[in-house]
Amino acid sequence: MTTLINLISRFWQSITLIVLTLITVASLFPAEHLPEVPGTDKTHHFISYCALMFPAAIRKPKYWFALAIFFIVWSGLIELIQPYVNRYGEWLDMLANMGGVILAIVIAQAVHWYIALQKA
């Protein structure tokens, strides 16, 4: 587990940019019918933004909290733009995104505590 955390911590910027790009493209790609995938739309939003925030929350650069706020604002901007690209913007999606960001912070903190306990 520590090796995976070290890998995420080392490449957190690249991972974050890739996930942010994937979320943005998937959210703004015009589609008449969204593909059928298991789970609900809100679950997908929640998991996506949790994956987006997790690398930064693990690394905790000095501006990690600003990144969390940026990701939440970004998700709101995407919801505002979606009606212009043949998609539906929903504020509940933004709440799911915010929940994902918060959960990533909580999970990352739990991982740090767990690692500290293992070293003690």
Exercise for the section: With a Förster radius of 30 Å, plug the Cβ-Cβ distance of Trp113 and Thr21 into 1/(1 + (r/R0)^6) and report the FRET value to the nearest 0.05. Expected result: 0.45
Fill in the blank from the handout: 1/(1 + (r/R0)^6) with r = Cβ-Cβ of Phe29 and Ala66, R0 = 30 Å, i.e. FRET efficiency to nearest 0.05, evaluates to 0.60
Handout entry: Local net charge near Leu92, Cβ-Cβ under 10 Å (Lys/Arg +1, Asp/Glu -1)
Key = -3
Exercise for the section: Using just the helices of the chain, give the 222 nm mean residue ellipticity in deg cm²/dmol: DSSP H runs with n ≥ 4 each add -39,500 (n - 2.57), and the total is spread over all residues, rounded to 500. Expected result: -26000 deg cm²/dmol
Fill in the blank from the handout: By the mean-Cβ-within-10 Å protection proxy, highest first, 42-49, 90-97, 79-86 rank as 42-49, 90-97, 79-86
Handout entry: Crossing angle, helix 12-28 versus the chain [Cα axis fit, 0-90 degrees, rounded to tens]
Key = 20
Exercise for the section: Within 10 Å, count the other beta carbons around each residue, average over each peptide in 107-113, 52-58, and list them highest first. Expected result: 52-58, 107-113
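Read-outs throughout are calculated quantities, based only on the coordinates presented, and are distinct from any laboratory measurement. The model shown is predicted, which means the values in this text are computed figures rather than measured ones. A quick note on method: Cβ atoms are made from the backbone with ideal geometry, for glycine too, and the neighbour counts reach across all protein chains shown.
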